[in-house]
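Throughout, read-outs are computed from the coordinates displayed, never taken from laboratory work. Not measured: the values here are computed from a predicted model. Cβ placement follows ideal geometry from the backbone for every residue including glycine, while neighbour counts extend to all protein chains displayed.
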Amino acid sequence: KVELFPHGRVVGQKVFKAAGFQKPFQEAQQVCAQAGGQLPSPRSEAENHALQQLVQVEDKGNAFLSMTFSKVEGRFTYPGGESLVYTNWAPWEPNNDGGNEHCVEIFTNGKWNDRPCGDKRLVICEF
Ligand code: GN1
Ligand code: CA
């Protein structure tokens, strides 16, 4: 587990690892897929807290989560299309500010904000 310090966290069966750089959402997805993982889908408070810690430790801004707004379904979904089983939205979020906030970032306080997918955010992958 030495390689998990300081950029990784283990929660149950999941490993989260920070890439250490920022990318727009689509490139961030590709980075994680290339590494055999995917963007993080926190499904519990414990998983969300581990991601929060990585965002704090990395000190490179907020990080993207995997989930995106499906216009067809009118809600946020995981990459597989399922509805969210856990959320930690900041107050008043998601607000789809400007009408194109179809991606999600996690703040250093662990709260979530919907955000344009073209913005660059810290890349963390889930394995
Ligand atoms: C930001 O910049 P502003 O206030 O219009 C953010 C939104 C948040 C909002 C929270 C592109 O919008 O996602 O919901 O703050 N949008 C951008 O107040 O930064
Ligand atoms: Ca927002």
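Restricting to segment 1-113, what percent of DSSP beta bridges are antiparallel, rounded to 5?
95
Quick one: length gained pulling Lys120 to Gln13 fully straight, 0.36 nm per residue minus the C-alpha distance?
Here the answer is 35.7 nm.
Averaging sequence separations of C-alpha pairs under 8 Å and six or more residues apart, then dividing by the length of the chain, give the relative contact order as a whole percent.
The value is 36 percent.
Which residue fluctuates most in the GNM of the chain (Cα springs below 10 Å): Val31, Val104, Val72?
Val72
Which cross-chain or sequence-distant (5 or more) residues have an amide H under 5 Å from the amide H of Cys117, H modelled 1.01 Å from N in plane?
The list, which skips near neighbours in sequence, is His102, Cys103.
Arrange the following residues from fewest to most other Cβ atoms within 10 Å of their Cβ: Cys103, Cys32.
Placing the least packed residue first, the sequence is Cys32, Cys103.
Which whole-number percent is the relative contact order of segment 66-127 (Cα, under 8 Å, 6+ apart)?
Averaging sequence separation for qualifying contacts and normalising by length gives 26 percent for segment 66-127.
If you consider only alpha-carbon coordinates, what radius of gyration and Dmax does segment 33-127 have, in Å?
12.5, 37
Explain nothing, just compute: Karplus ³J(HN,Hα) = 6.51 cos²θ - 1.76 cosθ + 1.60, θ = phi - 60°, for every residue of segment 49-54 in order, whole Hz, x for Gly and Pro.
Each residue's phi maps through the Karplus curve to give 5, 4, 5, 4, 4, 5 Hz.
Under the rule of at least 5 residues apart or a separate chain, name every residue whose amide H is placed under 5 Å from the amide H of Trp89.
Long-range HN contacts for Trp89: Trp112.
Across the chain, how many lysine pairs, 8 or more positions apart or on different chains, have C-alpha atoms separated by under 26 Å? Please give the number.
Total qualifying Lys-Lys pairs in the chain comes to 19.
Top mean-square fluctuation among Glu73, Glu101, Glu58, Gaussian network model of the chain, C-alpha springs under 10 Å?
Glu73
Starting at the first residue of segment 24-29, write each ³J(HN,Hα) from the Karplus equation 6.51 cos²θ - 1.76 cosθ + 1.60 with θ = phi - 60°, in whole Hz, x for Gly and Pro.
Working through the residues one at a time gives x, 3, 5, 5, 4, 4 Hz.
What FRET efficiency comes out for the pair Lys111/Thr77, r = Cβ-Cβ distance, R0 = 22 Å, nearest 0.05?
After rounding to 0.05, the efficiency reads 0.65.
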